[in-house]
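The values are calculated or read from the model by the stated rules, or taken from the named source; none is laboratory data. Everything quoted here is computed from the prediction, not taken from an experiment. Ideal geometry is used to build each Cβ from the backbone, glycine not excepted, and the neighbour counts take in all protein chains shown.
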Amino acid sequence: MTDGKKSHLAGKRILAVDDEADILETIEDILEMAEVTTAKDYESASEKIRSGQFDLAILDIMGVNGLTLLEETVAKEIPTVMLTAHAINPETLLSSIRKGAIAYLPKEILVDLDELLEELLGAKDEGKPPWKLLFNKLGSFFDERFGPNWKKNEEPFWSDFTRTWEVGQGIKARLKYDERLLDKKI
């Protein structure tokens, strides 16, 4: 980072999973300040999740069974960002939130991945909800892509979620693996 602030990505161990080699190469190039490990399919990604230590995971949804991998990363307390092109729809966005992802990014903005991750991880590190930041930055993209009434089918969820930005199944999914809380039966 050039503005004197500490980088939230520098030296981080990041797992990037996508079935497209050019996407993985682009992620490696963009995140050159981090140590990026890649996987091109579900099986190798799942093995790396089980055997490795990562500070962040970036998962494609289609082609690698990304939503199942999300459950695995959340179980290992790895903050996870979903990155997708073909599965960009309200259903996978909602599923990503409920399963514990910290963000859901369209591949169309891959060129800005480092800046977005810096901001999202910074918000997370400061105890601020990453989803609020994401919707402030990309809300108009989702509205344009999904249509103006895209939240209507799940209105109770979105009303609660946007009111608090932290309420939802995703937080619960991450907390059920938090060792500090396991013995407290919370």
Within the range 81-94, the residues that are out of contact with any Asp or Glu (no Cβ under 9 Å at 6 or more places or on another chain) and under 20 Å from LYS124 (Cβ atoms) are VAL81, LEU93
Going through the range 91-137 in order, the residues found to be closer than 24 Å to ASP160 by Cβ and basic (Lys, Arg) are ARG98, LYS99, LYS124, LYS128, LYS132, LYS137
Reported set for the range 117-167 where residues are among the β-branched types (Val, Ile, Thr) and closer than 20 Å to MET82 by Cα is THR162, VAL167
Conditions (1) part of a helix (DSSP H, G or I); (2) among the β-branched types (Val, Ile, Thr); (3) modelled with pLDDT of 95 or more -> ILE58 fails only (1)
Restricted to the range 1-26 and to residues being farther than 17 Å from GLU119 by Cβ and among the β-branched types (Val, Ile, Thr), the residue surrounded by the fewest Cβ atoms within 10 Å (Cβ to Cβ) is THR26
VAL17: touching a Gly at 6+ places or on another chain (Cβ under 9 Å) and β-branched (Val, Ile, Thr), yes or no?
-> yes
Exception for LEU56 within (1) in contact with a Leu (Cβ under 9 Å, 6 or more places away or on another chain); (2) farther than 25 Å from GLU126 by Cα falls at (2)
Here the qualifying pairs (Cβ atoms under 7 Å; residues six or more apart or on different chains; first in the range 113-133 and among the acidic types (Asp, Glu); second surrounded by 17 or more Cβ atoms within 10 Å (Cβ to Cβ)) come out as ASP114/LEU9; ASP114/ILE30; ASP114/LEU31; GLU118/HIS8; GLU118/LEU9; GLU119/LEU133; ASP125/HIS8
Residues of the range 119-134 being within 16 Å of LEU93 (Cβ to Cβ) and surrounded by 17 or more Cβ atoms within 10 Å (Cβ to Cβ), in sequence order, are LEU120, PRO129, PRO130, TRP131, LEU133, LEU134
Residue pairs qualifying under the 9 Å Cβ cut-off, at least six apart or on distinct chains, with the first in the range 17-46 being touching a residue at least 40 places away in the same chain (Cβ under 8 Å) and under 15 Å from VAL81 (Cβ atoms) and the second being small (Gly, Ala, Ser) and surrounded by fewer than 17 Cβ atoms within 10 Å (Cβ to Cβ), are VAL17/SER44; ASP18/GLY63; ILE23/ALA85
Counting only residues in the range 94-108 that are of a type outside the set (Gly, Ala, Ser) and in contact with a Leu (Cβ under 7 Å, 6 or more places away or on another chain), the one surrounded by the most Cβ atoms within 10 Å (Cβ to Cβ) is identified as ILE102
Just one listed residue, out of GLU119, GLU72, is within 24 Å of ILE27 (Cα to Cα), under 15 Å from the mean Cα position of the chain (by Cα) and at pLDDT below 95, and it is GLU119
The residue that is surrounded by the most Cβ atoms within 10 Å (Cβ to Cβ), considering only those in the range 61-93 that are in contact (Cβ under 8 Å) with a residue 60 or more places away in the chain and in a loop (DSSP other than H, G, I, E, B), is ILE78
Within the range 135-144, restricting to residues that are of a type in the set (D, E, K, R) and loosely packed, with under 15 Cβ neighbours inside 10 Å, the one that is nearest to the chain's Cα centre (by Cα) is ASP143
